[in-house]
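*Asks:* Got a structure for you, questions after.
The values are calculated or read from the model by the stated rules, or taken from the named source; none is laboratory data. The structure displayed is predicted, hence computed values, not measured ones. Don't worry about glycine lacking a Cβ; one is built from the backbone with ideal geometry, like all the others, and counts go over all protein chains shown. These area figures cover heavy atoms from the full protein model, side chains too; ligands, DNA and RNA do not enter into them. Shrake-Rupley method; radii C 1.70, N 1.55, O 1.52, S 1.80 Å.
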Amino acid sequence: MPDDKFSAATAAMQSDNVNQAEAMQYDEGAIRVLEGLEAVRVRPGMYIGSTGPRGLHHLVYEILDNSVDESLAGYCKNIDVIINEDNSVTVEDDGRGIPTGVHSQTGKSTVETVFTVLHAGGKFGEGGYKVSGGLHGVGASVVNALSEKLLVEVSRDSKLHRQVYRRGKPESDLEEVGATDKRGTKVTFWPDDEIFHDINEDNERVAIVVEWDVLATRLREMSFLNKGLRITLEDKRHNKSETYHYEGGIASYVEYINDTRTAIHKPPIYFELEREDVVVECALQWTDVYAESIYTFVNNINTHDGGTHLTGFRNALTRIVNEYARRNNFVKEAEANFTGEDVREGLTAIVSVKVSEPQFEGQTKERLGNREVQGITQSVTAEKLSDWLELNPKQAKDIVNKAIQARQAREAAHKAKSLVRRQSALENSNLPGKLADCSERDAAKCEIFIVEGDSAGGSAKQGRNRNFQAILPLRGKILNVERVQPGRIYDNAEVQAMIQALGLVVKEEEEEGGTKGTGLLRPNASNLDLGRLRYHKVIIMTDADVDGSHIRTLILTFLFRYARPVIEQGYVYIAQPPLYKVEKGKRSEYCYNEHKLEAVLAEMGDKAIVQRFKGLGEMMPEQLWQTTMNPETRTLKQVTVDDASEADHVFDLLMGEAVEPRKKFILDNTHLVANLDV
Ligand code: 0R9
């Protein structure tokens, strides 16, 4: 089944069908010792994570990373990425060109070595900061192994060289084919559809194709992270092209994220400094929103789980803003310090460090572990931020005022009478009355269906397996959390019901230079206590109409802003109820999309009776179980955040207050929002 998007949440938040699980499981004992590229073809998932859409796009990133490495080394200014009509992809850079001479260790040309020896690019290339080295960072040879055909063309020393490979094997040696006045490397590859394919509902094999939105997001990010680098993306299938080029680098990135928000100061604060062989580059700007949006990178790799650079940055920020506020009498002696959360409210920041030997930790290897980077980032940020505040007293005052307001709102929320009730709710000693809970207590085995309306809730309650499936029917209007102060989300009954039912509780963390957090959920905070989550499958089940789509987006906005780790862990799913039931005689079939309906009607002929389900409430409990809830027969779509900064931007556009950019976004992306009432 092709990977399709479920709503307006664009390339940034994608869904994958999970009954054809992308990520592969490995039995270590079963891994044969295989040599060379054959091993890559036998176990592709081990090298690129998956053979689904993510894996396919990963091939492009592997090749692109080599060009970006060349740009980091200072030799490449332009990179072109072309999606060709036949779904092959070309990447071309204007760097030095891969060396063409014979490689002393392999006896083959260096070009052939790079494309046929695992990890050769990283091993044999010069030192410096390598982009490759992140989660996969497997190199060009893996792309070659997983491509039906790969063509490399190198322009170097006035000569053009080329070599063609089929499924990783060279067709001939590297050949000199002519003269050139250019310099650079050009790689075109045809992903192997023996490896990258899906199976559709009719059991047919369909190739997975490269998507514009996914590549555009990544290329834009790469160009923000490498100021001055010009990256062009062209799609020959749709006659479309875009160029990404930002002289402002990550300061432009912050402005891009904030173009839907009102900045408190302009331009963003920006600094870059190399200390003890670590380059620290930061851009930050406070706005009038409540969420904090801090994105961190190491050697151009997004460290979604933060790490030592983030800790250093945050510590410096809290300490310096507190010190400045006290020194200038904005905070009196008797008053408590701002918390880190107070200081970060409304802050958008990019922290990008370059480290020569990065160590990635954590389950997904997306957290920087190098101890020394914490102190370096902390001291650089403290010095530079302190200088900036001293030099810009007017703006500094506005920033401190923002923190004062955040602190007041936090204190008011605490004092509010209802908080006592809320806190006991947070302890989840009382679950919402409308929750039909399951009997199982092991969260890993439990599912909760968040359902819209009483009638659908009724069907779901009767249809479920009460051992492990809970039902939470939502009745009233769900709050658009994007538009209210964090403390106020608890006033909305439906949001509160979700918080209680799911068990969304934060961990208390002490921070240097600040005071303890509040225990309340905060937008974009990462301190959710996942150990208290009551279900490891949170399934949003809404009607397949405009209202259903709107409610789903409101629920997703809440989860994205206030419980993002739940999405990041892969615990959030969208149910896929059928749209039609077609019957003829004794035969009946459920159709989940128009395409399937047409196919079934063509098969059954015109005497077939078509029932269209207008809402889940119209389904009999047994039907709902069979088509949508039974783990044996249902299809769920998993919600993932591929790029939080892009999702951040999209939610701002869809749910925020800025009208003009929203209109523009909707006009530019009608295919994404067609079924969304915004
Ligand atoms: C279109 C995709 N681009 C590339 O794959 C690419 C790799 C590459 C490269 C060098 C320059 N440009 C490149 N583009 C390079 C050149 C030299 C030294 N290091 C790197 C040099 O001229 O001395 N290489 C990446 C790995 C290797 N080259 C190496 F291992 F062959 F050296």
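*Asks:* Going by average Cβ density within 10 Å per residue, which order do the peptides 306-313, 255-262, 440-447, 615-622 take, highest to lowest? Intermediate values should be presented prior to the final figure.
*Replies:* Numbers: 306-313: 23.9, 255-262: 18.9, 440-447: 14.8, 615-622: 17.2.
Result, highest mean first: 306-313, 255-262, 615-622, 440-447.
*Asks:* Over the Cα atoms of the chain, Rg to Rh with Kirkwood Rh, two decimal places? Kindly include the intermediate steps, with their values, before the conclusion.
*Replies:* Values: Rg = 26.7 Å, Rh = 27.1 Å.
Computed over Cα atoms, the ratio is 0.98.
*Asks:* Would you mind computing, in nm to one decimal, how far apart the modelled labels at residue 179 and residue 363 are, each placed 7 Å from Cα along Cα→Cβ?
*Replies:* Rounded to a tenth, the inter-label distance reads 6.1 nm.
*Asks:* Going 7 Å from the Cα of residue 439 in the Cα-to-Cβ direction, what parts of segment 456-471 have a backbone nitrogen less than 18 Å from that spot?
*Replies:* Residues passing the 18 Å test: 461-471.
*Asks:* To the nearest 0.05, what FRET efficiency results for residue 391 and residue 332 with a Förster distance of 25 Å applied to their C-beta separation?
*Replies:* Details: r = 25 Å, r/R0 = 0.99.
E between residue 391 and residue 332, to the nearest 0.05, is 0.50.
*Asks:* Between residue 106 and residue 532, what is 0.36 nm times their sequence separation minus the Cα-Cα distance? Round to one decimal in nm. Don't skip to the end; give the middle numbers.
*Replies:* Numbers: separation 426, 0.36 × 426 = 153.36 nm, distance 5.43 nm.
Length gained between residue 106 and residue 532: 147.9 nm.
*Asks:* Which order do peptides 638-644, 343-349 fall in by mean Cβ count within 10 Å, highest first? Working shown, then result.
*Replies:* Numbers: 638-644: 20.6, 343-349: 26.4.
Highest mean packing first, the order is 343-349, 638-644.
*Asks:* Follow-up. Given H placed 1.01 Å from N in the peptide plane, which residues other than close sequence neighbours of residue 636 have an amide H under 5 Å from its amide H?
*Replies:* 18, 19
*Asks:* Could you tell me the calculated FRET efficiency between residue 149 and residue 593, based on Cβ-Cβ distance and R0 = 25 angstrom, to the nearest 0.05? Intermediate values should be presented prior to the final figure.
*Replies:* On the way: r = 33 Å, r/R0 = 1.33.
So the FRET efficiency works out to roughly 0.15.
*Asks:* If I ignore ligands, DNA and RNA and count only protein heavy atoms, how much of residue 360 is accessible to a 1.4 Å probe, in Å² to the nearest 10?
*Replies:* The value for residue 360 is about 30 Å².
*Asks:* So, one more: So, for segment 267-394, what is the accessible surface per residue at a probe of 1.4 Å, expressed in square angstrom?
*Replies:* On the way: 4940 Å² over 128 residues.
Normalised by residue count, the accessible surface of segment 267-394 is 39 Å².
*Asks:* Per residue, what volume in Å³ does the Cα convex hull of segment 456-569 take up? List each step's numbers first, then the result.
*Replies:* Values: hull volume 12.8 nm³, N = 114.
So the per-residue Cα hull volume is 112 Å³.
*Asks:* What is the set of long-range amide H partners of residue 293 at a cut-off below 5 Å, with H atoms built 1.01 Å from backbone N?
*Replies:* Here the answer is 347, 348, 349, since their amide H atoms fall under 5 Å of that of residue 293.
*Asks:* For 431, 479, what's the largest-to-smallest order of accessible area, 1.4 Å probe? Present the calculation step by step, with values, prior to reporting the outcome.
*Replies:* Values: 431 65, 479 40 Å².
Most to least solvent-accessible, the answer reads 431, 479.
*Asks:* Okay, moving on. Leaving out ligands, DNA and RNA, what percent of the accessible area of the chain is carbon and sulfur, probe 1.4 Å?
*Replies:* Working: 13510 of 29090 Å².
Accessible surface attributable to carbon and sulfur in the chain totals 46 percent.
*Asks:* For segment 555-659, just the Cα set please: Rg and Dmax, both in angstrom.
*Replies:* Values for segment 555-659 (Cα only, Rg and Dmax): 18.3, 55 Å.
*Asks:* To the nearest 20 debye, what charge dipole does segment 138-179 have about its Cα centre, counting +1 at the Cβ of each Lys and Arg and -1 at the Cβ of each Asp and Glu? Don't skip to the end; give the middle numbers.
*Replies:* On the way: 7 positive and 7 negative charges, 35 e Å.
Taking the Cα centre of segment 138-179 as origin, the dipole is about 160 debye.
*Asks:* A further question follows. Taking Cα centroids, how far is segment 35-49 from segment 447-500 in Å?
*Replies:* Taking the Cα centre of segment 447-500 as reference, the centre of segment 35-49 is 43 Å away.
*Asks:* Using a Förster distance of 35 angstrom, determine the FRET efficiency expected from the C-beta separation of residue 480 and residue 42, and round it to 0.05. Don't skip to the answer; put the middle values down first.
*Replies:* On the way: r = 49 Å, r/R0 = 1.40.
With R0 = 35 Å, the Cβ-Cβ based efficiency is 0.10.
*Asks:* If you place +1 on the Cβ of every Lys and Arg, -1 on the Cβ of every Asp and Glu, and leave all else neutral, what size is the dipole of the chain about its Cα centre, to the nearest 20 Debye?
*Replies:* Working: 83 positive and 105 negative charges, 376 e Å.
The calculation lands at about 1800 debye.
*Asks:* If a paramagnetic tag sat 7 Å from the Cα of residue 356 along the Cα-Cβ line, which residues of segment 56-89 would have the backbone N under 15 Å from that point?
*Replies:* Residues passing the 15 Å test: 73.
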